[in-house]
Every structure is written in structure tokens, then in C-alpha cells.
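Reading through the C-alpha cells given below for one structure.
The values are calculated or read from the model by the stated rules, or taken from the named source; none is laboratory data. Just so you know, these numbers come straight off a predicted model, no measurement behind them. Reconstructed Cβ throughout: ideal geometry from the backbone, glycine too, with neighbour counts over all protein chains shown.
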């Protein structure tokens, strides 16, 4: 499953019932694909388990990977043994209908086996299991920006803000969250030394939400940038919060955690994901080494008290 798909989070090991859909559709590059005659049986289906990702990373020689894995259109990369039971592999791409199902689900009409399936390789009985080293993850680090106070080297450059009406304790119990009465178009702005974004893939931050149950679109956005200007802004309403924590034991007001991958600031969309810092090369005309600030902006027409904490580059 591509990691930009809405269903990607926590999808590994889940199962989907998939049918071939005889249809004509247009991909994200404007190419119309007529697959009305592709399906062997549009009523037959198979159950597939998600076992891998189609990561939004793209060395210069991998345009196809960029095209399909960075948001072209919702899709699954089916195993050849499943694909060839739904349609001939000559089509390469077919229309699909799918739904999530329990992994022990038995389709009402299972797609038939074919006479000469593609040969596969089966591991030897009792063969040792291969452990993947994940080298693309070894070049990432985590560094704090704000955790009850500014990390060394970072400075407060907030603008169009006033003192907040209430001071909120920091989540770690030491110091305070950064709280301001942020005016319209104002921002909590934190500036870093040069090179702070190197070897990172994402920006994590916790925002105090009080007792609110959602963020409305166009209210709170986050961006990064450098001397060449801002990168793309990311509306937090377009991102699913990945964590929740009450302000204190027994409290019913909460901080929400948001994780924004740096590829989103390069224009690949708020849900884009990267897992290799080498593939993020900067944004907004800035190189990675030039990026030097994080901003949480108030896009409302009125002032609002905003509190952030546990901001980190990961």
C-alpha cells in the first residue's frame, strides 16, 4: 500500500477484499486508462493482506516510484499471483473495488485459479528467517525544539502575539508550554541554527486543544522555512492526530499530537510520508541546511490562545 494512502497508518497485516472493476479511469497525470474489457470476472474477488509499503521516496532514476507512490491515485500493488487471477498481467494497471475485511474472510465468489500461474519461490522448510536492516532509517535522528522550554540554539521569534490569558504547564511537568494570544495571521515562530533540519524526516508537535473535538479547516497551519522564504503551509485539519494526552491526571482537557513529514512542506501533500532523510532536499527555495524556522500560525479572523509543547524534529 502506498504510504500516502489515507488507509496507510497501521495498515500492515490488515486484509482487503479486492475485485477487478471493468472501468475507464484517469490517473493523476491525465492519462485515460480503458480497462472495461480487462476483468476475467467482475463479481469474483480475492482477499489480500498488506505486507509492504510503496514509499514516497524517489532517487533520480525512479520516476515511476515517484509517480505511483507519491499520491498519483489510490491503489494497491497486488502480488502477481493475485493479479493474474483477476485479469491478465498484460494490462499492468486495472480498476479495483476494495473493502477492508477480517483476514479469515471467505469471499462469496473467489476468483478462479489459472492454468499456468507464474512460478514462485518458496522458502526451504526450517530455513532461517531473513532480517532486514532497514538502512534507510539509520541516517535519521531526533532533536528537541521545545520541551517545557526552548532547546539550546533555538530562539523565540513569534510575531503578532500577546501574553496568553492562561499559562499551561508543560507536558513533562517541568517548565511551561509555549502559550501566546496569537492574533489573526500571527504565529508562534521558533528559529533554529543552520543545519537543524539535516538528517530529519518529520516535525512532531503537541498542541493544546482544551476540550475541543476537532480543528476546523483554515484555522491552524504549520510551516517551515529559511532565508529564501516559506515552504508550503500544512493545514493541521488535514492531518489525523496521532496521539492525545490530558493536561494533567484527571483532567478532561487535552493536548493533541501531530506528525508532519517534511515532504509535506515540499508540496507533496499533508499526508505524504518519507522514511529516508536523504530524499528531503529542502523546500521553499531553501536547501535542507538553510532551513531555520518552524511556525504555527493562526489563520482565523480573531485572536486565539495557542499553546504548543514537545516540538521535535525526528
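Here region 1-33 is the region considered, the condition is being in contact with a strand residue (DSSP E or B) (Cβ under 9 Å, 6 or more places away or on another chain) and surrounded by fewer than 12 Cβ atoms within 10 Å (Cβ to Cβ), and the residue that is farthest from residue 104 (Cα to Cα) is 32.
Is at least one residue of region 175-186 assigned by TED's automatic domain parsing to the domain that holds residue 238, crowded, with 20+ Cβ neighbours inside 10 Å and either in contact with a helix residue (DSSP H, G or I) (Cβ under 6 Å, 6 or more places away or on another chain) or free of Cβ contacts under 8 Å to residues at least 24 places away in the same chain (or both)?
To start, the set of residues in region 175-186 that are assigned by TED's automatic domain parsing to the domain that holds residue 238 comprises 175-186.
Next cut, crowded, with 20+ Cβ neighbours inside 10 Å only: 177-180, 182, 186.
After this cut, where a residue has to be either in contact with a helix residue (DSSP H, G or I) (Cβ under 6 Å, 6 or more places away or on another chain) or free of Cβ contacts under 8 Å to residues at least 24 places away in the same chain (or both) as well, the list is none.
No.
Here residue 267 meets each of (1) over 19 Å from the mean Cα position of the chain (by Cα); (2) in contact (Cβ under 8 Å) with a residue 24 or more places away in the chain with one exception, condition (1). Out of all the residues in region 237-264, which are over 13 Å from the mean Cα position of the chain (by Cα) and either in contact (Cβ under 8 Å) with a residue 24 or more places away in the chain or more than 20 Å from residue 306 (Cβ to Cβ) (or both)? Within region 237-264, 243, 245, 247, 248, 249, 250, 252, 253, 254, 255, 256, 257 meet the criteria.
The residues of region 228-266 that are surrounded by 16 or more Cβ atoms within 10 Å (Cβ to Cβ) and assigned to a helix (DSSP H, G or I), listed by number, are 236, 262, 263, 264, 265, 266. Note on region 150-171: residues that are without any contact (Cβ under 8 Å) to a residue 40 or more places away in the chain, closer than 14 Å to residue 293 by Cα and either touching a helix residue (DSSP H, G or I) at 6+ places or on another chain (Cβ under 7 Å) or assigned to a strand (DSSP E or B) (or both) amount to 3. Among (1) out of contact with any strand residue (DSSP E or B) (no Cβ under 6 Å at 6 or more places or on another chain); (2) at pLDDT below 95; (3) within 16 Å of residue 92 (Cβ to Cβ), there is one condition residue 37 misses while meeting the rest; what is its number? Of (1) out of contact with any strand residue (DSSP E or B) (no Cβ under 6 Å at 6 or more places or on another chain); (2) at pLDDT below 95; (3) within 16 Å of residue 92 (Cβ to Cβ), only one is false for residue 37: (2).
Taking region 290-314 as the range and being more than 19 Å from residue 235 (Cβ to Cβ), at pLDDT 95 or above and buried (at least 23 other Cβ atoms within 10 Å of the Cβ) as the test, the residues that pass are 291, 313.
If you go through region 192-212 and keep only what is surrounded by fewer than 18 Cβ atoms within 10 Å (Cβ to Cβ) and closer than 18 Å to residue 310 by Cβ, you end up with just 210. Taking region 270-288 as the range and being at pLDDT 90 or above and either outside any loop (DSSP other than H, G, I, E, B) or in contact with a strand residue (DSSP E or B) (Cβ under 7 Å, 6 or more places away or on another chain) (or both) as the test, the residues that pass are 283, 284, 285, 286, 288.
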